[in-house]
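**Q** Below is one structure. I have some questions about it.
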Amino acid sequence: MPTVHESLAAGLAAAGVRTVFGLMGSGTDQLTRDLVEHYGVRYVATRHEHGAVAMADGFSRVSEGIGVALVSADAGLTNSMTALVTARLAGSRVLAIVGDQASSYKSDQTRLDQIPLESALGITTIPVSAATVQRDLLHALRELDLDRGPVILNVAWDVSNAEDTGSESRHELRPTALRRDYGPSESTLDDVMGLIALARRPLVLAGRGAIRSAAGPILTALARSIGALTATTLPARGYFADDEFDVGVCGSFATDDVARLISETDLVLSFGAGLNAHTRGHGGLFGRARIVQIDLEPAVLGRRGPINIGVIGDAAAVARRLLESSTQLGELTAEERGRSAEGWRTAETKHQIANLDKWRGVDLHTESDGYANPYAVMRACDELLPTERLVAIDIGYFMSYAGVYLESGSAPSMVCPWEYGAIGCALGPAIGAALARPDLYPVMIIGDGGMAATMNELDTVIRCGIPMLIVVMDDGGFRAERELFRRREQSFHTADTPSPDFAGVARALGFDSHTVTAGTQMREVLAELPPDRACLIRVMVHPTQPNPEMVKAMQG
Ligand SMILES: Cc1ncc(C[n+]2csc(CCOP(=O)(O)OP(=O)(O)O)c2C)c(N)n1
Ligand SMILES: [Mg+2]
């Protein structure tokens, strides 16, 4: 009879897991070893459990696969909590296998009662037992397949080492494909078609859920059929790159010209987007447009703001049904429809979109001694880095420089793990995403505060041989906090923390590194950048550099 850890390893391998992230310890060490030694699974050893879960999260955000993290009991769990909550808020397909103490240890006061703690995170928590281990894993995989967010498998170490007493009734572990099997009623779709028929300027908006359901071609066909422009959320950036009627990113990080265009819409068809305040431009972007939100997860519908119709269903499946109905609509004359058949896809709009220039009006030149102009730095990145790139952005005042101005490659290639608002949230996901998508050149934009909070994983970048470019926007402290103090007309020196020499630290860890104090210097450095080596560039940014996009975003 196999042990529980052997059965878990076999089940994970059978489910197609080829990469796991972890920091081993009580409850997960045997499983880690089995996965590597018996199934050839790639084990990414992280320096902190936060990193393990964050990397698994990033891995799942840009790939079809699930992200698997293995962390140990007690402090392994508590160390991973910020990343677990982030994954939960993002609905990421993360399987966290968490060790636990044997039940006989539970009376020891230093031990946590883990199950209530895990459940309190709002995450589906499955305590693995020796009699049900295979069912437990199947249950977890099915939850993940249904996009119900992360799952914790809690494995006490005595259970891990026990015999799998249910193994006699072994059934084949095959992830299900239930998620596309159900859809909305005819009458709901009729209501949506009613709004489409009336709309003069419809907008098809795609979020991560649309990418997950591979809805791209069908959404483009729908947009063409109903005369809609297309747009994406920031994480789905680039999803409609080939459509000449695509306006790009919708939300707080859209340029003013794009925001003006989007605000003319009278119907938003949102596919797999959470429609949070950022996407809605803090309420201002969609004006009085009607909003139809389509999502697999009922709880998402209308959660972040008013909508007119909520449709439960898979993005591609719903789009296909709407496309079928819209074909009939296309047979009506313009008069019968009350608007032209081309809708918003007119020659004039095409011209307007073709002439969008995100750099128009941006001050790329003002620079004080010793400090680089951050817009010039972003422009250098945008123009000189390989275009098929992954872009990860951390949290801070600097974030809109990359959010607005740095394009990413074929979607999904944006990693913005901002759901829990934690500084230092993005390096782990960037590493996980880079390992999931070695075809993309990984670029990480982070502040000095965020870097200091997460730099323990720099070494993981090197050990994994990831040719990542890390750009640290270093303004010697917490610019976002300075901004809040400034608004209250208070002094902000408490938000200043002089940075260490990140370039020197990175060099010691094996990175190429540079310190940049001018936009032109950034261009020179990037022009010489070897694409196959990890590199950290410390960009010195003025401590009170104004950033109108961020001021706007922070007002909301
Ligand atoms: C875990 C955590 N602690 C504190 C904060 C509050 N906070 C938000 S932005 C920020 C500043 C981050 O500094 P840095 O990475 O240098 O970016 P900057 O704002 O300076 O551009 C802080 C401290 C937070 N969001 N998350
Ligand atoms: Mg800073």
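**Q** Does ALA508 satisfy the condition of being surrounded by fewer than 18 Cβ atoms within 10 Å (Cβ to Cβ) and touching a residue at least 60 places away in the same chain (Cβ under 8 Å)? First the steps, then the outcome.
**A** Values: surrounded by fewer than 18 Cβ atoms within 10 Å (Cβ to Cβ): yes; touching a residue at least 60 places away in the same chain (Cβ under 8 Å): no.
The answer is no for ALA508.
**Q** Condition (residue is away from ligand 2 (no atom under 16 Å from the Cβ), among the acidic types (Asp, Glu) and modelled with pLDDT of 95 or more) applied to the stretch 335-346: is it met by at least one residue?
**A** Looking for residues that are away from ligand 2 (no atom under 16 Å from the Cβ), among the acidic types (Asp, Glu) and modelled with pLDDT of 95 or more, one finds none in the stretch 335-346, hence no.
**Q** Just to confirm my filter: which helices (runs of 4 or more DSSP H) fall fully inside the stretch 424-485 and include at least 1 residues that are among the basic types (Lys, Arg)?
**A** Working: elements: 427-436, 448-454, 458-463.
The qualifying helices (runs of 4 or more DSSP H) are 458-463.
**Q** Considering only residues that are in a helix (DSSP H, G or I), in contact (Cβ under 8 Å) with a residue 40 or more places away in the chain and more than 15 Å from ligand 1 (Cβ to nearest atom), which ones fall in the stretch 353-382?
**A** ILE353, ALA354, ALA376, ARG379, ALA380, CYS381 - these are the residues of the stretch 353-382 that are in a helix (DSSP H, G or I), in contact (Cβ under 8 Å) with a residue 40 or more places away in the chain and more than 15 Å from ligand 1 (Cβ to nearest atom).
**Q** Just to be sure I understand the filter: pairs with C-beta atoms under 6 Å, separated by 6 or more residues or on different chains, first member in the stretch 387-402 and on the phi > 0 side of the Ramachandran plot, second member within 16 Å of ligand 2 (Cβ to nearest atom). Which pairs pass?
**A** Qualifying pairs under 6 Å: GLY396/GLY447; GLY396/GLY450; GLY396/ALA480.
**Q** Also: For the stretch 473-505, enumerate the residues that are more than 13 Å from ligand 1 (Cβ to nearest atom) and loosely packed, with under 15 Cβ neighbours inside 10 Å.
**A** Going through the stretch 473-505, the residues more than 13 Å from ligand 1 (Cβ to nearest atom) turn out to be 487-491, 493, 501, 503-505.
Passing the criteria: ARG487, ARG488, GLU489, GLN490, SER491, HIS493, ASP501, GLY504.
**Q** Assuming LEU509 fulfils every condition listed in (1) farther than 25 Å from HIS365 by Cβ; (2) at pLDDT below 95 apart from one, which condition is it?
**A** Single failed check for LEU509: (2).
**Q** Can you go through ALA411, ALA392, ALA402 and tell me which one is assigned to a loop (DSSP other than H, G, I, E, B), under 20 Å from the mean Cα position of the chain (by Cα) and of a type in the set (A, V, I, L, M)? Working first, answer last.
**A** Numbers: ALA392 fails: assigned to a loop (DSSP other than H, G, I, E, B); ALA402 fails: assigned to a loop (DSSP other than H, G, I, E, B).
Residue meeting the stated conditions: ALA411.
**Q** Now for a different question. Tally the residues that are within 20 Å of ALA241 (Cα to Cα) and either within 16 Å of ligand 2 (Cβ to nearest atom) or in contact with a Phe, Trp or Tyr (Cβ under 8 Å, 6 or more places away or on another chain) (or both), restricting the search to the stretch 379-402.
**A** Our first condition is that a residue be within 20 Å of ALA241 (Cα to Cα); within the stretch 379-402, this holds for 379, 381-392, 402.
Add one more test, that the residue is either within 16 Å of ligand 2 (Cβ to nearest atom) or in contact with a Phe, Trp or Tyr (Cβ under 8 Å, 6 or more places away or on another chain) (or both), and what stays is 379, 382, 385-386, 388-390, 402.
Here the count works out to 8.
**Q** Can you tell me which residue is farthest from VAL516 (Cα to Cα) among those in the stretch 397-453 that are of a type in the set (Ser, Thr, Tyr) and within 16 Å of ligand 1 (Cβ to nearest atom)?
**A** As a first pass, look at the stretch 397-453 and keep what is of a type in the set (Ser, Thr, Tyr): 397, 400-401, 405, 408, 410, 413, 420, 441.
Applying the additional criterion that residues be within 16 Å of ligand 1 (Cβ to nearest atom) yields 397, 400-401, 405, 420.
Values: TYR397: 19, SER400: 19, TYR401: 16, TYR405: 19, TYR420: 31 Å.
By that ranking, first place goes to TYR420.
**Q** For residues in the stretch 464-502 being among the acidic types (Asp, Glu) and within 13 Å of ligand 2 (Cβ to nearest atom), which is nearest to ILE446 (Cα to Cα)?
**A** The selected residue is ASP474.
**Q** Let me ask another. If you take the residues in the stretch 200-217 that are over 21 Å from ASP145 (Cβ atoms) and surrounded by fewer than 24 Cβ atoms within 10 Å (Cβ to Cβ), which one is farthest from the chain's Cα centre (by Cα)?
**A** ARG200
The values are calculated or read from the model by the stated rules, or taken from the named source; none is laboratory data. Small disclaimer: the values here were computed from a predicted structure and weren't measured. Here Cβ is always computed from backbone atoms with ideal geometry, including for glycine, and neighbour counts include all displayed protein chains.
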